[in-house]
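Notes follow once the structure below has been shown.
The values are calculated or read from the model by the stated rules, or taken from the named source; none is laboratory data. From a predicted model like this one, the values you see are computed outputs, not experimental measurements. Quick reminder, even Gly has a Cβ in these numbers, built from the backbone with ideal geometry, and neighbours come from all protein chains shown. Each accessible area value is taken on the protein alone, full model and side chains, heavy atoms only, with ligands, DNA and RNA left out. Shrake-Rupley method; radii C 1.70, N 1.55, O 1.52, S 1.80 Å.
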Amino acid sequence: MNNVNTKTQAGVATASGDRMARVFRHGVLACVLACTGAAAVAAGQDRSPRREELQQQRFDTRAQDARDEQRAYEMQMREDARRRDLEEQVRAQQRDDPRRSGRMTPDERRDLRRQINEAGMDLYPNARRR
């Protein structure tokens with residue numbers, strides 16, 4: 001009634017199981033090594049002259065882009081400096097020019113009224129009546 005493996009049956013079962021496990025492990029290891037070797041061979045064979053030219057062109061375009069960015073930055077800095085200089089010149093002119101600083105003096109107002117009256121006489125002569 002007892003279905004217990006005897007020593008001979010147990011030894012045969014484990015020996016064949018060990019052998020299958022060993023074969024399986026060796027198979028997996030062989031596949032891993034084959035894939036790794038294939039990848040290494042493929043990477044080493046990809047060094048054609050055309051590929052090197054493409055890499056050189058990419059490097060050249062990156063260098064050109066960096067030079068263009070540097071030039072654009074320098075031009076922007078020069079323009080900013082020029083704009084600041086112009087603003088400073090305008091401020092200096094406004095400080096130095098008393099007529100633009102605000103109110104007119106009484107003498108300036110009197111001269112302006114006189115000039116307007118003189119110009120008004122010349123601009124609007126009496127028109128002929130019809």
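Table for the structure above
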read-out: Neighbourhood charge, 14 Å Cβ-Cβ cut-off, centred on Glu88 and excluding it, Lys, Arg +1 and Asp, Glu -1; value: +1
read-out: Solvent accessible area, Å² - Asp107, 1.4 Å probe, full protein context; value: 90
read-out: Size of the range 54-104 as Cα extents on the principal axes (Å, biggest first); value: 73, 12, 6
read-out: Rounded to the nearest 10 Å², the accessible area of Val23 at probe 1.4 Å; value: 90
